[in-house]
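The values are calculated or read from the model by the stated rules, or taken from the named source; none is laboratory data. Since we're looking at a predicted model, the values are computed, not measured. Ideal geometry is used to build each Cβ from the backbone, glycine not excepted, and the neighbour counts take in all protein chains shown. All accessible areas refer to the heavy atoms of the entire protein, side chains included, with ligands and DNA or RNA removed. Shrake-Rupley method; radii C 1.70, N 1.55, O 1.52, S 1.80 Å.
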Amino acid sequence: MTHLEPASGTDADLGDTVWVEETSWLDKVPRAVQMIFVFAVFVLFWDLVTRFGLVSAIILPTPLETFLDLIFVGKNLLSGGYMLAALWITLKEVFYGFLLALAIGFTLGVIVGETAFGERAIMPYLVAIDTMPKVAFAPLFVAWLGFDIDSKVALAAFIATFPIIVGTAAGLHAADTNSRNLFKTMGATRWQTLVKMKLPMALPQIFTGLKIASVGVMAGAITGEFLGGGKGFGELIRTAASQLNTPRVFSLILYLSVVGLTLFALVSYAQRRIVFWQKDRVAGGVE
Amino acid sequence: MQPAAVLTGQGEPVYQLRNVGKTYARNAITALESVNLTLTKGSFSAVIGSSGCGKSTLLKIMSGLIPPSTGRVVLQNRPVTGPRRDIGMMFQQATLFPWRTTLENIVLPIEIRDGKAAARAAEVQARALLELVGLKGFEHTYPGELSGGMAQRASICRMLITEPAVLLLDEPFSALDELTRDFMNMELQRICSSRNATAFLVTHSIPEAVILSDVVYVMKPRPGRIAEVVTIDLPRPRTLDMMTTPKFGQIVEHIRSRLDKEAFI
Ligand SMILES: Nc1ncnc2c1ncn2[C@@H]1O[C@H](COP(=O)(O)OP(=O)(O)OP(=O)(O)O)[C@@H](O)[C@H]1O
Ligand SMILES: [Mg+2]
């Protein structure tokens, strides 16, 4: 009863019908080229604006001035000059701030996400504090902890803690009914359910929180330096701005953004390694 | 209505439900009313009924996931007052954890019960089970790379690893295509009979219920109750060919007529 179509024969000479879906020519251009193009247009526009004096040079330096200053600052950093010392201080603030935020945020997140008490009695206060403009606490931290890096670490951690709390707590709620029921029927203890099921399931959202925190921790450290002095990169920016040295401000900000991007990339890398099963990752983005 | 033990006339009772009722406090819905049933050792029973008639509720009560509002549930002479180790459960979704390999998923119940060392020791049995369900070679694959049918087979292994006395199955294969589903059902029959396990299956499909079961409980909704107990005296082992016999057709037709002409496959 088997009836197989012959592979060759009357149909064979019709040939294949392989065809290609249409894509716009712009989508075929490599991503790097697209990005360079956008950057070139931006710099060209910037150059035109400054060249024809549409904006005063004090407000907006030319791209060339900025570029030369970038090289100057880069040299200073590489030769271990005073800027490197400042960068080192800011890096320490960011690093400690992030670690502190991770420890506090994760702990509070688990308490709030796992216990009914935490959710009912602690969460409302956390939400209330989160809605406050946290930068306004900077003078308090300076008053409590002094002008050294402690007050900056505190502000950075303070800002970065909340996204981690929210990510952890929300992640712990993400476990579906089936998984919960399964763990119940296996007779798992609460601790086992948390460690072997809920926390791994929460990891994607915890990492989303960490990514937001990695951006916030930079903002916190620099704001802390603006408002509380010290010897960090923020202080360099403040000094340059007060001397109307706008190219310097620009290049310092660019170097800071490299630090921020590196931190963000580190978190993304950790996420790819740890949450290896997560497939719907947006390229480098915060979800 | 007589207890199934009398009807099938085999084995000692394993599971006994007497006058079990459930009213959900949240919405005051009476999901179950005075359900009586007895499962005998090594028997295969199915419960069938329209959507929302309380089948899952019944299974959750039997497994100790939720307490009943009235009545008593006894398993192996001990009242069920919470999840039990002698119960194996399977849900509609495979619910494998993506950060564990297939093998690690299967020994998870052992790891939770007796710790990591015991789980490692149980890997021998896990491999044997994987071979039994035709998943040899997939020990170290992550569930994300398994098809739906393969994932369900792995979750059968996870259910069997603790050698439970009863298997409670809530529409385990309803997400699979028909061919895979028939195949899985025959696998299930083979596994149950080789281990003399007692099985209780929730399903929406009358043919599936008939081909697998010794007893089919027909449920009616609002409030959920068992309306009829149908004994299936087709010979064992069952084969897919039996589904074309006139007798099979008659039984299916009989159950269909009892379901009040509600929409069924
Ligand atoms: N957790 C719950 N809280 C309140 N009511 C519920 C709950 N679970 C189920 N019910 C109600 O109980 C009734 C029976 O639900 P159940 O899930 O047992 O039905 P079912 O027979 O399994 O349906 P299906 O075939 O669609 O899975 C439904 O009316 C449902 O609304
Ligand atoms: Mg159900």
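Per the listing B:PRO235, B:PRO172, the residue uniquely within 14 Å of ligand 1 (Cβ to nearest atom) and out of contact with any Pro (no Cβ under 8 Å at 6 or more places or on another chain) is B:PRO172. The set of residues in region B:96-132 being under 17 Å from B:ILE156 (Cβ atoms) and either hydroxyl-bearing (Ser, Thr, Tyr) or within 11 Å of another protein chain (Cβ to nearest Cβ) (or both) consists of B:LEU96, B:PHE97, B:ARG100, B:THR101, B:THR102, B:GLU104, B:ASN105, B:LEU108, B:PRO109, B:ILE110.
Those residues that are more than 14 Å from chain A (Cβ to nearest Cβ), touching an Asp or Glu at 6+ places or on another chain (Cβ under 8 Å) and away from ligand 2 (no atom under 16 Å from the Cβ), I need them from region B:54-84; list them, please. Once the filter is applied, which keeps residues that are more than 14 Å from chain A (Cβ to nearest Cβ), touching an Asp or Glu at 6+ places or on another chain (Cβ under 8 Å) and away from ligand 2 (no atom under 16 Å from the Cβ), region B:54-84 yields only B:GLN76. Of the set (1) under 19 Å from the mean Cα position of the chain (by Cα); (2) not in a loop (DSSP other than H, G, I, E, B), all apply to B:LYS247 but (1).
Residues that are of a type outside the set (Val, Ile, Thr) and either within 14 Å of chain A (Cβ to nearest Cβ) or surrounded by 22 or more Cβ atoms within 10 Å (Cβ to Cβ) (or both) within region B:23-38 comprise B:ALA31, B:LEU32, B:LEU37, listed in sequence order.
Checked against (1) farther than 22 Å from B:PRO13 by Cα; (2) part of a loop (DSSP other than H, G, I, E, B), B:GLU163 meets all criteria but (1). Applying a threshold of 8 Å to beta carbon distances and a minimum spacing of six or more residues, or different chains, the list of pairs starting in region B:165-176 at a residue that is open to solvent by 10 Å² or more (accessible area, probe 1.4 Å) and among the hydroxyl-bearing types (Ser, Thr, Tyr) and ending at one that is within 13 Å of ligand 1 (Cβ to nearest atom) and at pLDDT 85 or above reads B:SER174/B:THR203; B:SER174/B:HIS204; B:SER174/B:SER205.
Take the conditions (1) open to solvent by less than 30 Å² (accessible area, probe 1.4 Å); (2) farther than 22 Å from A:GLN243 by Cβ; (3) touching a residue at least 12 places away in the same chain (Cβ under 8 Å); A:THR50 misses just one of them, which is (2).
You will find that of A:TRP191, A:TRP144, the residue that is within 30 Å of B:LYS116 (Cβ to Cβ) and aromatic (Phe, Trp, Tyr) is A:TRP191 and no other.
The helices (runs of 4 or more DSSP H) located wholly in region A:135-235 that include 1 or more residues which are within 14 Å of chain B (Cβ to nearest Cβ) and among the aliphatic types (A, V, I, L, M) occupy A:177-185, A:199-228.
Taking the listed residues A:ARG238, A:ARG273, the one that is of a type in the set (Lys, Arg) and in contact (Cβ under 8 Å) with a residue 12 or more places away in the chain is A:ARG238, with no other qualifying. Of all the residues in region B:203-213, those that are within 14 Å of ligand 2 (Cβ to nearest atom) and crowded, with 23+ Cβ neighbours inside 10 Å number 1.
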